[in-house]
Amino acid sequence: STINYLSENERMLGYYNVESGMEIMVVDTDPFSLSKGGGLEDVSLVKKYEMNDEDYDKRKGTLRSWMKANKEKDPNWTPPWNKTNKEENEAVPGPESTVGFNIGDRCEVMPGGRRGTVMFVGEVKGLKPGHWIGVKFDEPVGRGNGTINGEKVFE
């Protein structure tokens, strides 16, 4: 239920005795606003930046260049995340680990606060055993194009 209308543009927010936990609904009446027609909410209206492999290879200080440099120094080198020094008895996440996640849900991935849409929920051939959640990020971060080992899991 509405407690108060914040109708006086000259007043500071503190004037209205806003308290922690309250929600503020803003109605944008500006016909030239960026938010008109979902411009700030509908991510399909945002042109995504994509970089081809050739341009990415020219960049310095990337993960790919770091891995390449380490491989040149030692052909048997493997990245630290590929090492198999984890406990042998590591529990495999079952279907209960993905309860409440549905395809099409919006989510925020931590760390980093990256936002996106859940595109896949389930087991993935070619990854460690367990149940996985595939996320299509709003911004071009990570390698999340829905492909695992050359096989398309989601678009």
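Checking the a/c ratio against 1.5 first, then a/b against b/c, what shape does the Cα gyration tensor give for segment 20-155? Cα axes put segment 20-155 in the oblate bin. In a GNM of the chain with a 10 Å cut-off on Cα contacts, which of 27, 118, 109 has the highest mean-square fluctuation? Sorting by GNM fluctuation, first place goes to 27. If you take the Cα centroid of segment 44-67 and the Cα centroid of segment 1-23, the two points sit 45 Å apart.
Relative to the longest principal axis of the Cα atoms of the chain, the long axis of helix 63-73 lies at roughly 20 degrees. Other residues lying with their Cβ under 15 Å from the Cβ of residue 24 contribute a combined charge of -3, Lys and Arg counting +1, Asp and Glu -1.
Legend: residues 97, 44, 20, sorted from most to least accessible area (1.4 Å probe; ligands, DNA and RNA excluded), read 20, 44, 97. When the Cα positions of 102, 17, 37 are compared along the charge dipole of the chain, 102 comes out farthest toward the positive end, with charges on each C-beta of Lys, Arg, Asp and Glu. One chain, two ends: residue 28 and residue 43. Fully extended at 0.36 nm per residue, the span grows by 3.5 nm beyond their Cα-Cα distance.
Note on residue 148: accessible area is roughly 40 Å² with a 1.4 Å probe, heavy atoms of protein only.
Any idea what the dipole of the chain comes to, in debye rounded to 20, about its Cα centre with Lys/Arg Cβ at +1 and Asp/Glu Cβ at -1?
Working: 21 positive and 26 negative charges, 173 e Å.
It works out to roughly 840 debye.
Of all stretches in the chain that contain no trypsin sites (Lys or Arg not before Pro) in a DSSP loop with at most 10 other Cβ atoms within 10 Å, the longest one is 87-124.
Charged neighbours of residue 155, selected by a Cβ distance under 14 Å, balance to +2 (K, R count +1; D, E count -1).
Dividing the mean sequence gap of close Cα pairs (under 8 Å, 6+ apart) by how many residues segment 1-152 holds gives a relative contact order of 13 percent.
If I stretch the segment between residue 63 and residue 51 completely, what's the gain in nm (0.36 nm per residue apart, minus their alpha carbon distance), one decimal? Intermediate values should be presented prior to the final figure.
Working: separation 12, 0.36 × 12 = 4.32 nm, distance 1.47 nm.
That pair, residue 63 and residue 51, stretches by 2.8 nm at full extension.
At a 1.4 Å probe radius, which order do 78, 62 fall into by accessible area, largest first? Write down the numbers at each step before the final one.
Working: 78 60, 62 20 Å².
Ranked from most to least accessible, the order is 78, 62.
Calculated [222 nm] ellipticity per residue, helices only, for the chain: -3000 deg cm²/dmol; basis is -39500 (n - 2.57) per DSSP H run with n ≥ 4, divided by all residues, nearest 500.
The values are calculated or read from the model by the stated rules, or taken from the named source; none is laboratory data. What you see is a predicted model; the values in this text were computed from it and never measured. Using ideal geometry, Cβ is built from the backbone for each residue, glycine included, and neighbour counts are taken over all protein chains shown. Just so you know, the surface numbers come from the protein's heavy atoms only, side chains and all, with ligands and any DNA or RNA stripped out. Shrake-Rupley method; radii C 1.70, N 1.55, O 1.52, S 1.80 Å.
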